[in-house]
Amino acid sequence: MFNYKLNGNGTKVPHFYSGPLVDFFEPELEGAEWAKDVLRRFSPQSACILGVGGGYHIEALVKAGWSKPLRVFETSQALVHECAERCNYENLEIVLLDAGTTEDLFRIPKFVEMLQSLRLCLPFRRAWTHQLAFFSELFLHLTLRSEESLKVHILHEGHSLSDSQILNPERLARATIHDVDGAIEFNSTSSNLVHRCIMEMIK
Amino acid sequence: MKILCLSLLRLGDIVQHRWLLKGLRQRYPSAELHLLVHDEFNEVAGLVPEATKVHFFPKTEMQAHLNDPRSPLLFSHQRLTDFVGQLNAESWTLVYNFTHNRQSAFLMELIKADRKRGLRTHAGKMAGLDNPWIRFFNRHFSSRYPIHFHYLELLAKSLEISLPNLPNLSFSNRRPVVLFQLDSADSKKTIEKQRMVSVLDDLAEKLPKYELRVLSDERNAEENQRYFSSRVWVGGLRETSQQVQVARALVTLDTSIKHLACHHGTPLLEISLGSSDPDRTAAWLSGAKVISGVAPCRPCGHREVCSQPQHLCSQSISAEILARAIENILDHREDAQLHQVLEGPLGLQIEGGIQSKAYVMFKKWLYHCRIEGQDLVSSLGPQFKKICYSFSESDLVRLASEMEAEYHGFLHVHLLAQNVSLFDGSPAAYQIVDAAAFLKHLPNMLFAPWWQELNEKIEKGHDWAEIESLSDGLLRGHLAVRAFLSKMDVTGGNDVRSAREKADWHFEAARKA
């Protein structure tokens, strides 16, 4: 059951039963550090965040200078509502996932469409406490490390699988661009050149 | 007209590529010149005024994702596809590849343009090797053997860009400050800082009117302050460039700061160690000096660690010699005793003249003969009656007459190049380059202390294995020379190569043993 508790600073901290979904004592600082790490490492055209928590990390990311579209996935209506109130950011879209399992998500056209144009998935793991298994699976889908999501993605791009061994779940969860080499047949010369260009970077 | 230039190497290369941009600017005064560099060099944007716009290849970002399981598996693929799409949104008239590696070749094919110059792929296969210069560059530049062309010169010829005239030293508006750049990302190229402390102390006493500053970035500041205390100056690339612009002189290792100084005409002394090869990458500045470490393994491979138990090339430069060389730079004085101080750059400027590298090289060789008091005529014998060399005809005539006057028939310069339009990629031209390579390294090899003993053993017919053990693994080059001499035919380019291969093979065998 969701509820909110106030910490010593008077900050509202969301809880699932007795477990906090963000750092109880310093949720803003935790959010700021997470945002700092994201901005140091990534600068894609768009990103999705898994887990709303208290919305502190999303607020921190925007405050730290994120100006690209953000899509946030959450399973709890209450948390979505709270986040929407906290984060006033025009490029923010909060998606409430009410599917029973992650496999059901593949029947939602918007989800499939989103997978096809996927850029970056940013996990905020502490906020997964109330749906740990669901978010973990969803994360694999959103990083193309599940059979379903990889198939959706490469079929949409017009590529094909030349080595289905890559679909082994354990291997896929740890896969790197090296594993893609030879496992995916790219649809065009330009896609193949892009791939070869990347392979040169990791030689 | 929009021109894009790919410069996807390190900072020093980007700074050197400015000369190519200057050449392009002269040729296309009204064109938009765009430069593409790696995103880790974002400081470069303000240091390349020739470029209308600098684009940043998202290398750092993609590399962060490549092996990170938190990132979508095909993130880098999509990111690069997006980036190429952004580049192709511009309408490029002409694209130059200054980079000459496989990655940039693939990128060249992805970029849409009316015309392309430099290494590129076509339908995934290497292409663009369409003139003899670029073929030579492709084949020889990364080898560890001397090639006798400066990197810029070779690249400009490969891409059919006219370089601006070699810049001269500029002495106006300079402050009495001598800068020292003693950090390099490559430890093979560095000199022991403890030794430099005494050099600086010595100089401070002798040159009280000059302020000595040791340049440092934030990363190395603590270490530098430990050695040089208050002499350390800490700043970023832009601030360093401003310092270099007004300094009286710069003493530097083979670093990007050296190349930066060339654009300001700052008098400089390069300390060339490890894999640094003044032939290829000396400062592109007339009057710049190089003090070169001497060791049989010099220059070593760019990607290798130092193979010697001690840093031989660094130790070969004494503190006294270095201090004197620095004083000479400040006094603008030549010192005949400093035979380690070479002129730079030593590019074989094809148009020749007394500035040409071949001329300087011959003079240098003769200089060695004089200062070491060796009688090379008698030690080498008749095999040197015939030496092939590449020159324009008028240069050959002048050079031959000078040498004849000085050495009475010792060097008979053979006009092998008569039918070779300088370097045209023909076998004869390769032979010329090889012969030049041999000549350049001869003095160091002959005057090495172990040469005499080694020579005697070889003369007595000892086998290779014994000779290798005697020479303690320092055979590279010596064996090449010995094998070369045994052939007695300096015109045989193929012989040179086979001799080198043999030397390499023996050297590797000795190392493994």
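Please treat every number below as a calculation from the coordinates, not as lab data. All values reported here derive from a predicted model rather than from experimental measurement. Virtual Cβ from ideal backbone geometry, glycine too; neighbours counted across all protein chains shown.
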* To do: Quickly work out the A:S136-to-B:A89 label distance, labels modelled 7 Å from Cα along the C-beta direction, and quote it in nm with one decimal.
  => 4.1 nm
* **Residue-by-residue Karplus 3J(HN,Hα) for the range A:5-13, coefficients 6.51, -1.76, 1.60, Hz, glycine and proline x** => 10, 8, 8, x, 8, x, 8, 6, 10
* **Interchain or long-range residues, amide H under 5 Å from B:L268's placed H** => B:L250, B:K289
* **Whole-Å distance, taken between Cα centres, linking the range B:270-321 and the range A:128-185** => 50 Å
* Asked: How long is the gain from A:N7 to A:R41 if the chain were fully straight, where each residue apart is worth 0.36 nm and the alpha carbon distance is subtracted?
  -> 9.1 nm
* Asked: Stokes-Einstein at 25 °C, 0.890 mPa s, Kirkwood radius from Cα pairs: D for the range A:158-203 in µm² s⁻¹?
  -> 220 µm²/s
* To do: Report the dimensions of the range A:1-93 along its three principal axes from the alpha-carbon atoms, largest first, rounded to Å.
  => 37, 24, 19
* Structure fact -> Taking every residue of B:110-117, the Cβ atoms of other protein chains inside 10 Å of its Cβ average out to 1
* At what distance in angstrom do the alpha carbon centres of the range B:1-63 and the range B:150-181 lie from each other? -> 17 Å
* **Gain upon complete extension [B:E160, B:E192; 0.36 nm per residue less C-alpha separation]** => 7.4 nm
* Would you mind calculating the relative contact order of the range B:175-344 from Cα pairs under 8 angstrom and at least 6 residues apart, reporting the percent as a whole number? => 23 percent
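Among B:F98, A:F2, what is the fewest-to-most ranking by other Cβ atoms within 10 Å?
Lowest count first: A:F2, B:F98.
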* **Cα principal axis extents for chain A, largest first, Å** => 58, 35, 29
* Label-point gap, in nm, between A:D181 and A:M201 - each point 7 angstrom along Cα→Cβ -> 1.4 nm
* If we count every other residue with Cβ under 14 angstrom of A:F134's Cβ, Lys/Arg +1 and Asp/Glu -1, where does the sum land? -> -4
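Magnitude of the Cβ-charge dipole of the range A:2-144, K/R +1 and D/E -1, about the Cα centre, nearest 20 debye?
So the dipole magnitude of the range A:2-144 works out to roughly 300 debye.
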* Asked: How large is ³J(HN,Hα), in whole Hz, for each residue of the range B:94-108 in order, when computed from phi with the Karplus curve 6.51 cos²θ - 1.76 cosθ + 1.60 and θ = phi - 60°, using x for Gly and Pro?
  -> 8, 10, 10, 9, 7, 8, 6, 9, 5, 4, 5, 5, 5, 4, 4
* Asked: Do any of A:K203/B:K112; B:K53/B:K193; B:K116/B:K289 go past 31 Å between their Cα atoms, and which?
  -> B:K53/B:K193; B:K116/B:K289
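List the relative contact order of chain A as a percent without decimals, with contacts defined as Cα pairs under 8 Å and 6+ residues apart.
On the way: 272 pairs, mean separation 31.8, N = 203.
Computed value for chain A: 16 percent relative contact order.
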* Structure fact -> Stretched fully, the stretch from A:K68 through A:E170 gains (0.36 nm per residue minus C-alpha distance, one decimal, in nm) 33.4 nm
* Which ordering of A:E103, A:E170 is given by a fewest-first count of other beta-carbon atoms within 10 Å? -> A:E170, A:E103
* Structure fact -> Karplus ³J(HN,Hα) for the range A:122-135 (6.51 cos²θ - 1.76 cosθ + 1.60, θ = phi - 60°; Hz, whole; x = Gly/Pro) runs 10, x, 10, 5, 4, 7, 8, 3, 6, 9, 4, 5, 4, 5
* Average partner chain C-beta neighbours within 10 Å, per residue of B:78-87? -> 4
* Structure fact -> For A:V72, the residues 5 or more places away or on another chain with a placed amide H closer than 5 Å to its own amide H are A:I49, A:E93, A:I94, A:V95
* Structure fact -> Sorted by chain and then number, the residues having a modelled amide H within less than 5 Å of the amide H of B:V48, at least 5 places away or on another chain, are none
* Structure fact -> Here the whole-number average of other chain Cβ atoms within 10 Å per Cβ of B:60-70 is 5
* For B:K59, B:K258, order by how many other beta-carbon atoms lie within 10 Å, fewest first -> B:K59, B:K258
* chain A, helix-only ellipticity at 222 nm - DSSP H runs n ≥ 4, -39,500 (n - 2.57), divided by all residues, nearest 500 -> -12500 deg cm²/dmol
